[in-house]
There are 2 protein chains.
Amino acid sequence: MSDPVFGGSDAARGAGELPHAQTLTLPGSLPLRLGGELPQVSVCYETFGELNSARDNAVYICHALSGDSHVARHDEGDAPGWWDIAVGPGKAVDTNRFFVICANVLGGCRGTTGPASIDARTGRPYGGDFPRITIADMVEVQRRLLDELGIDKLHAVIGGSMGGMMALTWAIEHPERVGSAILLATTHCLSSQALSFDIVGRNAIFKDPNYNNGQYYDQEHKPDDGLAIARMIGHVTYLSDRTMSRKFDPDREHPRDVAYAYEKEFSVGSYLAYQGGRFVERFDANSYVTLSLAMDQFNLGRDHGSLEAAMGRIACPSLVVSFRTDWLFPPAHSRRMVDALLAQGKSVSALEVDSDCGHDAFLLENDLPVYGPLMAGFLDKGCGCVPEDQEPEAQCGAAPTNVRSIFFQNRLDLARIEELIEPGASVLDLGCGSGQLLGRLRQRGSGTLLGLELNPGDIIECVAQGLCVVQRDLDRGLGVFADGQFDVVVLSQTLQAMRRPDKVLTEMLRVGKTGIVSFPNFAHAEAVRQLAENGTSPVTEGLPFPWWSSPSIRFFSIKDFEALCAELGIRILSRIAIDSTTGGQLDADYNTRADMAICVLSGPSRT
Amino acid sequence: MSDPVFGGSDAARGAGELPHAQTLTLPGSLPLRLGGELPQVSVCYETFGELNSARDNAVYICHALSGDSHVARHDEGDAPGWWDIAVGPGKAVDTNRFFVICANVLGGCRGTTGPASIDARTGRPYGGDFPRITIADMVEVQRRLLDELGIDKLHAVIGGSMGGMMALTWAIEHPERVGSAILLATTHCLSSQALSFDIVGRNAIFKDPNYNNGQYYDQEHKPDDGLAIARMIGHVTYLSDRTMSRKFDPDREHPRDVAYAYEKEFSVGSYLAYQGGRFVERFDANSYVTLSLAMDQFNLGRDHGSLEAAMGRIACPSLVVSFRTDWLFPPAHSRRMVDALLAQGKSVSALEVDSDCGHDAFLLENDLPVYGPLMAGFLDKGCGCVPEDQEPEAQCGAAPTNVRSIFFQNRLDLARIEELIEPGASVLDLGCGSGQLLGRLRQRGSGTLLGLELNPGDIIECVAQGLCVVQRDLDRGLGVFADGQFDVVVLSQTLQAMRRPDKVLTEMLRVGKTGIVSFPNFAHAEAVRQLAENGTSPVTEGLPFPWWSSPSIRFFSIKDFEALCAELGIRILSRIAIDSTTGGQLDADYNTRADMAICVLSGPSRT
């Protein structure tokens, strides 16, 4: 979150400055995962929009470490919310449609029970005696809040960073109460690097002479220096190196004069000092210690035996969004979570946003054009529930209006491929584009459908249609999938763009019981004629691009393909050679007369 | 640098524990760049090997922030040095051959004048009153040491991290005294991110209640907590995320019991606490502040008007080595420096080591098999001086024994290309391999020769031959070079492996007055025959790989190439079509009879 002095808006407010928040004391005590209990818990929350009569339009937003319940403005005159760009009337999380709830987390310092709360047993603030809590304890408080609000099932739970850990916990521990989960810039377990920065930050607090084992509320001086140092470290980790350069290099050695002077050597120094100083005003060192320890302890693999076992408990579709330059919650962690979900056959869509804004990206406007529509589309269609005003027919599998191919203009192979797939089959579509084939298959009724695609625009389109699609580079293999996980794996008009067609074919026939491949035939008479007669590299219907800029980088005939299959031990169950100008199927002289082929394959180990 | 408890060796020694060090008091006072002076400076240094009679075999090694003069063991019984793996008899920096010098830096705490030294004017330690010094001041002390030792010119100066900043300063400020420079994991200016971590670390020191404005030498307690926190931050930045995961994930929540207990929650916490504690024993907080501020102020672009102007002052060949996962001194900074050197027409070789060890990589054994031979080859041949026992003829351009091509086995195109280049011409060889063509050209006498290559093994071979080669992906363009910077730019048997041949051609003819391209002809009769008669993708002398694994991803005829040149406005000055089986040159029916072509080109703007 940025700030008014250095550009951008800041949702920073002192405790108690949440005029739209309501506070509710939960019934009973709260037993804690790591032992002990809190005799009484109050929860301070805000809501946006209206709960509908079916009580099924609730969206719970989990805030991050330094966030709070004030997600968005309630009205024009209201103070800015920390996620105004994404939450509000007509926005990605549309408060005209959804009833949004956000509560300040347990252990924080914004009204929900935390270290600064009075311990009824002693009559003094908990301070350093506040018990060790976990992310699951925070979620338990949220669950009880929903009980109080009379909401059985959430349409969606959304969280970024530490909030993503809560959203994951919701989906894993309360699968019956979550319709869908949006996980932004988060992880199943902090990296050792992120953990280290937390440890150093806590050390700075513990070593502050005013820390006094956390019993400082009645002292004149609080552990402000330690907390400021922790926050300064945090701020560096929230930004990418590029963002920092852009922000500070132009006036690197011309720091601004700020009230919080730590070191005024460099502009970034005054920025950090300012951030550290501001944070001290609105945050509590004990809460920082409590929440960062809860994050550091979060480890789904440890708690459930394996990450796969943890993900196996999820019942709802998930959308996993990571940001390329986020080095605190790196995209590799999101890929690991997505892999675990895929290995468990779960519904998941995933995109790594090509952002240069670091971990903060999910709070910033820069990449909103990507993650905004993605969230909106997922909330609209991706969660498996049908909006009340739409018929199921209308929402999915509408005739594709946007049929594109980098190769053939007329995708008649798609109709043929569709015919080759048994209704009800589970299908993995490698290079699924904007979901033409998957949309057709879903319309007919099918088993699990999943697309892999590289292009973000196509992925957004797929998600908006309610299709599951994961961003993946096919040249990196399909290692995540089990042998025979899908009935059919499709690779349409993509083989010729692969670096290693042999490896892709082998992998697709490990993962699929059957494979279906379509590709252009380079030995087609017209192609050969152009090369032989004109002496030039062919440009045809199936090879429409000039040689120097074509997405095709592999040129092969149907015979070449057959020879490769033989070499790889792949059986060709059927071969459909097509003249795309007539649409007719050819048998005689297919290797010269057809300009496209569709082959149904089975792997070496199957008979 | 790692440590004995957690694996690896540590060169940590308390001040005064450098039994092989000598201390020398330099004559006169030392005026400082940022104003003021030090009335007297002592320098504490070590030497390894013997200075030869010509006094021209001296290699100066500049140590990093926490390093010292004890680079290597002096004998078997000696304490480990911090760079034993690279420096010693028969090692990359061979002390049987070179006279190695390393002095503890000005401002440090290992015997050379620093904040703990007595200020003769007050009779007390400088403490916080030690003046602000720069990297250039440190180098000035080293220069005076060389004067005292009677060494006019260094065979080489070597430095990593902060040491690299000194090596750069040597080459820029004293070009007449440096024969070559090896710059490892370093930068011309810290990133804002690295700067930020330094700022936070210094804040931790300044805010330590025992800091007392740096006047703590006579106090019972020193600012150990602050210094430990600074060191802990440093340690996280020295490692890559992957190294940390490998090291700490297996026993993430089973910390070791160490004497320096900060936070014993996690194994990485006890590691950091141990490192912080150890550091406090051997380092001085004032020195940490002094040296880190000098690093943070280092900014060649600011000091010289531009980085190009700074690099323009360098007279010696440079070797620039960066490490892929180094996020503190990132490879992008090395690329920026190399670009500036290239733009100034300087001799430079450069490699980004595909390391996963982070910034520490240059101190570790893991990547020594790459950077070791690279340094050894550069020290042997790359510095422009001829070893005494070798004739110039013998050292360069020996008939290539290792002629390889991914395409033609018989590189007869190289002999032809050599003939096409005027003696004395400056040549850029795109995809230079192990330097066959450049070696031939140098043997004949030539202007500037430079190769660009991706493969690290080829780069090591080139450097070992004394050729300049920079690691570059040609598909990323040649933006760093000026228009017409080279007489000739060569692209031999590489165009067919480029994603965008059109862009590479345009770029090469911007940068070169003339371009020479060789490539296989896809319309060669044998290729056409295979496609037309067999219906299979051709496999020929010039296209020797199967279609699914070939490095060739573009297939075009000589006619296609001519058409592309026409479209790009490139003039073909001469076209040599060759039948590689006979070696004969063809004119009639060249597009079907030749299997290879060499074309001499000039760009659109030249006539």
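Here, each number is a calculation from the coordinates, and none is a lab measurement. None of the values given here were measured: they were computed from a predicted structure. All Cβ positions, even for glycine, are placed from backbone atoms using ideal geometry, and neighbour counts span all protein chains on display.
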Next item on the list: Considering the rotation that carries chain B onto chain A, locate the chain B residue whose Cβ comes closest to its axis and report the distance in whole Å.
Entry: B:553, 2
Checklist line | Calculated diffusion of the range A:192-297, Stokes-Einstein form, Kirkwood radius summed over Cα pairs, 25 °C and 0.890 mPa s, µm²/s | finding: 170 µm²/s
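About the Cα centre, and with charges only on the beta carbon of Lys, Arg (+1) and Asp, Glu (-1), how big is the dipole of the range B:530-601? Nearest 20 debye, please.
200 debye
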Next item on the list: With no solvent and one equal point scatterer per Cα, compute the Debye intensity ratio I(q)/I(0) for the range A:392-602 at 0.17 Å⁻¹ and report its log10, rounded to two decimals.
Entry: -1.21
Note to self: Cut-off is 10 Å between beta-carbons; in what order do A:29, A:191, A:492 appear when sorted fewest neighbours first?
What the structure shows: A:29, A:191, A:492
Item checked: Long-range amide H partners of residue B:449 with built H, under 5 Å -> B:427
Next item on the list: Using θ = phi - 60° and the Karplus relation 6.51 cos²θ - 1.76 cosθ + 1.60, list the HN-Hα couplings for the range A:26-31 in order, rounded to whole Hz, with x at every Gly or Pro.
Entry: 6, x, x, 8, 10, x
Next item on the list: Would you mind listing the distances between the residue B:22 label point and the same position in each other copy? Use 7 Å along Cα-to-C-beta, nm, one decimal, shortest first.
Entry: 8.3
Next item on the list: Compute the semi-axes of the equivalent ellipsoid of the range A:419-497, taking the square root of 5 times each eigenvalue of the Cα gyration tensor, and list them largest first in whole Å.
Entry: 18, 16, 11
Next item on the list: Could you pull out every residue, at least 5 positions away or on a different chain, whose amide H is within less than 5 Å of the one on residue A:30? Hs are placed 1.01 Å off N in the peptide plane, and Pro or chain starts have none.
Entry: A:38, A:40
Checklist line | Derived scalar couplings ³J(HN,Hα) [the range B:82-93; Karplus, 6.51 cos²θ - 1.76 cosθ + 1.60; whole Hz; x for Gly, Pro] | finding: 6, 9, 3, 5, 10, 10, x, x, x, 8, 3, 9
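With only alpha-carbon pairs counted, each pair once and no self-pairs, how large is the Kirkwood hydrodynamic radius of the range B:275-351 in angstroms?
On the way: mean 1/r = 0.0684 Å⁻¹.
After inverting the pairwise mean of 1/r, the radius is 14.6 Å.
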Check: Assuming a viscosity of 0.890 mPa s and a temperature of 25 °C, what translational diffusion coefficient in µm² per second does Stokes-Einstein assign to the range B:225-375, Rh being the Kirkwood radius over Cα pairs?
Finding: 139 µm²/s
Next item on the list: Taking chain B as the reference, fit the longest principal axis to its C-alpha atoms, fit the long axis of helix B:368-377 to the helix C-alpha atoms, and give the angle between the two in degrees, 0 to 90, nearest 10.
Entry: 80 degrees
Check: Rounded to the nearest 500 deg cm²/dmol, what is the calculated helix-only ellipticity per residue at 222 nm for chain B, with -39500 (n - 2.57) per DSSP H run of length n ≥ 4?
Finding: -9000 deg cm²/dmol
Margin query: Ordered shortest first, which distances in nm separate the 7 Å Cα→C-beta label point of residue A:122 from those of the other copies?
Written below: 4.4
Checklist line | Amide H within-cut-off set for residue B:493, under 5 Å, with H built and near neighbours excluded | finding: B:518, B:519
Check: Considering every pair of different Cα atoms, what Kirkwood radius, in Å, is found for the protein assembly as shown?
Finding: 33.5 Å
Next item on the list: Run through the other copies and list how far each one's label point is from that of residue B:176, in nm with one decimal, shortest first; the point sits 7 Å from Cα along Cα-Cβ.
Entry: 8.8
Next item on the list: Enter the angle in degrees (range 0 to 90, nearest 10) between the Cα long axis of helix B:162-173 and the first principal axis of the Cα atoms of chain B, meaning the one along which they spread out most.
Entry: 70 degrees
Next item on the list: Between residue A:55 and residue A:534, with labels modelled 7 Å along Cα→Cβ, what's the label distance in nm to one decimal, could you check?
Entry: 7.0 nm
Next item on the list: Rank A:417, A:493, A:428 by how far each Cα sits towards the positive end of the charge dipole of the range A:392-602 (+1 on Lys, Arg Cβ; -1 on Asp, Glu Cβ) and give me just the farthest.
Entry: A:428
Note to self: How are the alpha carbon pair distances in the range A:501-562 distributed across 5 Å bins from zero to the largest one, expressed in percent?
What the structure shows: 4, 15, 24, 21, 15, 10, 7, 3, 1
Notebook entry, point to check: If eta is 0.890 mPa s and T is 25 °C, what Stokes-Einstein diffusion coefficient results for the range B:67-182, Kirkwood Rh from Cα pairs, in µm²/s?
Noted result: 158 µm²/s
Checklist line | Descending principal axes extents, the range A:532-581, alpha-carbon based, whole Å | finding: 35, 24, 23
Next item on the list: Give me the angle, in degrees from 0 to 90, between the Cα long axis of helix B:224-238 and the longest principal axis of the Cα atoms of chain B, rounded to the nearest 10.
Entry: 10 degrees
Notebook entry, point to check: Among B:580, A:455, A:87, whose Cα sits farthest toward the positive end of the charge dipole of the protein assembly as shown (+1 at Cβ of Lys/Arg, -1 at Cβ of Asp/Glu, about the Cα centre)?
Noted result: B:580
Notebook entry, point to check: How long are the semi-axes of the ellipsoid equivalent to the range B:112-169, from square roots of 5 times the Cα gyration tensor eigenvalues, in whole Å, largest first?
Noted result: 26, 15, 8
Check: What area, in nm² and to one decimal, does the C-alpha convex hull of chain B cast on average over all directions?
Finding: 31.1 nm²
Margin query: How far apart, in nanometres, would the label points at residue A:483 and residue A:25 be if each is projected 7 angstrom from Cα along the Cα-to-Cβ direction?
Written below: 6.2 nm
Next item on the list: Using R₀ = 41 Å, calculate the FRET efficiency as 1/(1 + (r/R₀)^6) where r is the Cβ-Cβ separation of residue B:587 and residue A:589; round to 0.05.
Entry: 0.65
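Which value, in debye to the nearest 20, describes the size of the charge dipole of chain A about its Cα centre when Lys and Arg Cβ atoms bear +1, Asp and Glu Cβ atoms bear -1, and nothing else is charged?
Rounded to the nearest 20 debye, it is 1200 debye.
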Next item on the list: Order by neighbour count: A:187, A:536, B:448, fewest other Cβ atoms within 10 Å first, most last.
Entry: B:448, A:536, A:187
Note to self: Ranking request for peptides A:18-28, A:163-173, A:217-227: highest mean number of other beta-carbon atoms within 10 Å first, then the rest in descending order.
What the structure shows: A:163-173, A:217-227, A:18-28
